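Asks: Pasting a structure below so you can have a look.
The values are calculated or read from the model by the stated rules, or taken from the named source; none is laboratory data. All values reported here derive from a predicted model rather than from experimental measurement. Heads up, the Cβs are rebuilt from the backbone with ideal geometry, glycines too, and the neighbour counts pull from every protein chain shown. Side chains are part of the model used for accessible areas, which takes the heavy atoms of the whole protein and leaves out ligands, DNA and RNA. Shrake-Rupley method; radii C 1.70, N 1.55, O 1.52, S 1.80 Å.
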Amino acid sequence: MPLRSIFLTISLSLYFLSLPHRSNSLTTIGATFSAATANTSHHLQPPDSVAKAINSLQLAAVRLEDSDPNVVRAFAYTNVTLLLTIPNFLVAPIAANRSAALRWLYAHVVPFYPRTIITTISVGNDFLEASPEFAAILLPAIRNVYIALRNLGIRQISVSTTFSFVSIMTTPFPPSAARFQEPVSQTVMRPLLQFLRDTNSSFLINIYPYNLYRLNSEIPIGYALFQKHPFNFRDDVITGVRYRNLFDSMVDAVISAMAVAGHEDVPVIVTETGWPSFGTDSGEVEANQDYAEMYLKGLIAHLKSGFGTPLRREGVMETYIYQLFDGEEEQGARPVRKWGLLYPNMTKKYDVVFSKSAGIGEQRTFLAIAAWYFGVLVLTKLW
């Protein structure tokens, strides 16, 4: 009998060791498509080619910066989810009159949903940076879109807005000291976060470690590129939390700021992130294809790991890489960076696998089953 107890203890121990120490849910990985940059005088991307590009990369989601109805239609009857964007110039009309929200929905959502899987609508993209003087109209516009959707009987599409990390955050490090900038923290963020919590919606944020690295010369390049070196970390001296990459640090800065605003449990979606493979500014030596591939490989491996961030084990819900296609710089224009996963002719730039592999959740399930089977087998032999 003691021998049986020993084997039972072993099998149970194996089972409990297989239980989650990391999040079962893996971040949905997608890409942003911007017709404004992809469609040039030399290359016009037909709507069907966008869907084919997403499929070729085995991405699960796409964020449409321009929300062209023809592109929305191209994703009908696919498993790809869409995040649509209402342009900034429509925020004011929608805030003033709900009928403007209905008109936009009738053109961009109603003809295609639910054949096209639309999960989220962002009312504006970095609207506060583009029009800070109109900050007060942002939440009324979001509410009008939300109510218009409900009036149409559509309840599965969430509504939010997109912010830029550098335009709304104060001190980015340590993350525990991060706050939303004033006065928008009180006038916009607190009521918005309450709305997002009440409607089960997400906080949308553009996070570019490249931009923060460029602003702060003290940040090691390996820390920004997910490189695993023995001393490649930074400690939050307030909480003692150790950060091994800049992406996690920036995400947790947002979560800390949300906590100060009273709503740390609102889900987070990273609507833009990436690393440029080229920059026309001669000073941007870090904008090169090798670094871009290192960033993407590190990011994807991290998102697939199921570790999340130190302050949020489940990590971010979705991450959209900016962007799907390279644009083309114009002669005499301001410096241009190339962020695309694909060249304009749709050939791949990087050797990166985006598809969902057997994640840590599946591995733990296998361990649990194996431990259970081992225990049953041993006990059967003994009894």
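Asks: Can you name the residue in the range 134-184 that is touching a residue at least 60 places away in the same chain (Cβ under 8 Å) and among the aromatic types (Phe, Trp, Tyr) and, of all such residues, is farthest from Ile238 (Cα to Cα)?
Replies: Only one residue fits best here, namely Phe165.
Asks: Only one of Phe233, Phe247, Phe307 is of a type outside the set (Asp, Glu) and within 27 Å of Leu84 (Cβ to Cβ). Can you tell me which?
Replies: Numbers: Phe233 fails: within 27 Å of Leu84 (Cβ to Cβ); Phe307 fails: within 27 Å of Leu84 (Cβ to Cβ).
Only one candidate passes the filter, namely Phe247.
Asks: Restricted to the range 202-217, and to residues that are open to solvent by 40 Å² or more (accessible area, probe 1.4 Å) and either small (Gly, Ala, Ser) or closer than 13 Å to Ser164 by Cβ (or both), which residue is nearest to the chain's Cα centre (by Cα)?
Replies: By that ranking, first place goes to Asn211.
Asks: Another question about this same structure. Here are Val316, Val336: which of them is at pLDDT 55 or above, under 25 Å from Gly222 (Cα atoms) and open to solvent by 30 Å² or more (accessible area, probe 1.4 Å)?
Replies: Numbers: Val316 fails: open to solvent by 30 Å² or more (accessible area, probe 1.4 Å).
Only one candidate passes the filter, namely Val336.
Per-residue answers, yes or no, for (1) of a type in the set (Gly, Ala, Ser); (2) more than 21 Å from Leu303 (Cβ to Cβ); (3) in contact with a strand residue (DSSP E or B) (Cβ under 8 Å, 6 or more places away or on another chain):
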| site | (1), (2), (3) |
| --- | --- |
| Leu57 | no, no, yes |
| Asn70 | no, yes, no |
| Pro111 | no, yes, no |
| Thr116 | no, yes, yes |
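To keep it simple, each residue is scored yes or no on (1) modelled with pLDDT of 95 or more; (2) farther than 21 Å from Leu82 by Cβ; (3) crowded, with 22+ Cβ neighbours inside 10 Å; (4) of a type in the set (Phe, Trp, Tyr).
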site	(1), (2), (3), (4)
Val110	yes, no, no, no
Tyr113	yes, no, no, yes
Ile121	yes, no, yes, no
Asn125	yes, no, yes, no
Ala130	no, yes, no, no
Ile137	yes, yes, no, no
Ile142	yes, no, yes, no
Arg155	yes, no, no, no
Ser164	yes, yes, no, no
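Asks: Related question: Somewhere in the range 227-234, is a residue under 22 Å from Gly340 (Cβ atoms), surrounded by 15 or more Cβ atoms within 10 Å (Cβ to Cβ) and in contact with a strand residue (DSSP E or B) (Cβ under 9 Å, 6 or more places away or on another chain)?
Replies: No, because not a single residue in the range 227-234 is under 22 Å from Gly340 (Cβ atoms), surrounded by 15 or more Cβ atoms within 10 Å (Cβ to Cβ) and in contact with a strand residue (DSSP E or B) (Cβ under 9 Å, 6 or more places away or on another chain).
Asks: Out of all the residues in the range 268-285, which are surrounded by 24 or more Cβ atoms within 10 Å (Cβ to Cβ) and among the hydroxyl-bearing types (Ser, Thr, Tyr)?
Replies: If the condition is that a residue be surrounded by 24 or more Cβ atoms within 10 Å (Cβ to Cβ) and among the hydroxyl-bearing types (Ser, Thr, Tyr), then Thr271, Thr273 are the ones that fit.
Asks: Looking at Ile238, Ile205, Ile221, which one is within 23 Å of Phe134 (Cβ to Cβ), touching a residue at least 40 places away in the same chain (Cβ under 8 Å) and of a type in the set (A, V, I, L, M)? Working first, answer last.
Replies: Numbers: Ile238 fails: within 23 Å of Phe134 (Cβ to Cβ); Ile221 fails: within 23 Å of Phe134 (Cβ to Cβ).
None of the others qualify; the one that does is Ile205.
Asks: Also, quick follow-up: Taking the range 117-131, which residues are touching a helix residue (DSSP H, G or I) at 6+ places or on another chain (Cβ under 8 Å) and without any contact (Cβ under 8 Å) to a residue 60 or more places away in the chain?
Replies: Ile118, Ile121, Val123, Gly124, Phe127, Glu129, Ala130, Ser131
Asks: Kindly establish whether Arg190 is touching an Asp or Glu at 6+ places or on another chain (Cβ under 9 Å) and open to solvent by 10 Å² or more (accessible area, probe 1.4 Å).
Replies: On the way: touching an Asp or Glu at 6+ places or on another chain (Cβ under 9 Å): no; open to solvent by 10 Å² or more (accessible area, probe 1.4 Å): yes.
No, not satisfied.
Asks: Collect the residues in the range 12-67 that are at pLDDT below 75, surrounded by 17 or more Cβ atoms within 10 Å (Cβ to Cβ), among the polar types (S, T, N, Q) and outside any loop (DSSP other than H, G, I, E, B), keeping them in residue-number order.
Replies: Once the filter is applied, which keeps residues that are at pLDDT below 75, surrounded by 17 or more Cβ atoms within 10 Å (Cβ to Cβ), among the polar types (S, T, N, Q) and outside any loop (DSSP other than H, G, I, E, B), the range 12-67 yields only Thr37.
Asks: For the range 169-213, how many residues are outside any helix (DSSP H, G or I) and aliphatic (A, V, I, L, M)?
Replies: So the count comes out to 5.
Asks: When the range 242-267 is examined, which residues are found to be under 10 Å from Ser176 (Cα atoms), open to solvent by less than 40 Å² (accessible area, probe 1.4 Å) and either in a loop (DSSP other than H, G, I, E, B) or not hydroxyl-bearing (Ser, Thr, Tyr) (or both)? Even if it seems obvious, please write down each step before you answer.
Replies: Taking the range 242-267 and keeping what is under 10 Å from Ser176 (Cα atoms), we get 249, 252-257, 259-260.
With the extra rule that they be open to solvent by less than 40 Å² (accessible area, probe 1.4 Å), the set shrinks to 249, 252-257.
Those that are under 10 Å from Ser176 (Cα atoms), open to solvent by less than 40 Å² (accessible area, probe 1.4 Å) and either in a loop (DSSP other than H, G, I, E, B) or not hydroxyl-bearing (Ser, Thr, Tyr) (or both): Asp252, Ala253, Val254, Ile255, Ala257.
Asks: Among the residues of the range 78-95 satisfying the criterion of being out of contact with any helix residue (DSSP H, G or I) (no Cβ under 8 Å at 6 or more places or on another chain) and in contact (Cβ under 8 Å) with a residue 12 or more places away in the chain, which is nearest to Ser67 (Cα to Cα)? Explain how you work it out, then say what you get.
Replies: The first filter runs over the range 78-95 and keeps only residues out of contact with any helix residue (DSSP H, G or I) (no Cβ under 8 Å at 6 or more places or on another chain), leaving 79, 81, 83, 85, 87, 89.
If we keep only those that are in contact (Cβ under 8 Å) with a residue 12 or more places away in the chain too, we end up with 79, 81, 83, 85, 87.
Details: Asn79: 18, Thr81: 13, Leu83: 9, Thr85: 6, Pro87: 9 Å.
So, considering only residues that are out of contact with any helix residue (DSSP H, G or I) (no Cβ under 8 Å at 6 or more places or on another chain) and in contact (Cβ under 8 Å) with a residue 12 or more places away in the chain, the one nearest to Ser67 (Cα to Cα) is Thr85.
Asks: Could you grab me the full set of residues in the range 244-267 that are touching a Lys or Arg at 6+ places or on another chain (Cβ under 6 Å) and under 9 Å from Pro175 (Cα atoms)?
Replies: Of everything in the range 244-267, those that are touching a Lys or Arg at 6+ places or on another chain (Cβ under 6 Å) and under 9 Å from Pro175 (Cα atoms) turn out to be Ile255, Ala257.
Asks: While we're looking at this one, here's another question. Do the conditions hold for Val270, that is, is it modelled with pLDDT of 95 or more and outside any loop (DSSP other than H, G, I, E, B)?
Replies: Values: modelled with pLDDT of 95 or more: yes; outside any loop (DSSP other than H, G, I, E, B): yes.
Taking the combined requirement at face value, the residue satisfies it.
Asks: Within the range 294-311, is there a residue that is assigned to a loop (DSSP other than H, G, I, E, B), closer than 24 Å to Asp265 by Cα and out of contact with any Asp or Glu (no Cβ under 7 Å at 6 or more places or on another chain)? Full working, then the answer.
Replies: Step one: of the range 294-311, the residues assigned to a loop (DSSP other than H, G, I, E, B) are 306-308, 310-311.
Filter again for closer than 24 Å to Asp265 by Cα, leaving 306-308, 310-311.
Subsequent filtering for residues that are out of contact with any Asp or Glu (no Cβ under 7 Å at 6 or more places or on another chain) retains 306-307.
Yes - at least one qualifying residue is present in the range 294-311.
Asks: Would you call Gly308 within 14 Å of the chain's Cα centre (by Cα) and either more than 25 Å from Ser34 (Cα to Cα) or open to solvent by 20 Å² or more (accessible area, probe 1.4 Å) (or both)? Spell out the reasoning first.
Replies: On the way: within 14 Å of the chain's Cα centre (by Cα): yes; either more than 25 Å from Ser34 (Cα to Cα) or open to solvent by 20 Å² or more (accessible area, probe 1.4 Å) (or both): yes.
Against the criterion (within 14 Å of the chain's Cα centre (by Cα) and either more than 25 Å from Ser34 (Cα to Cα) or open to solvent by 20 Å² or more (accessible area, probe 1.4 Å) (or both)), Gly308 qualifies.
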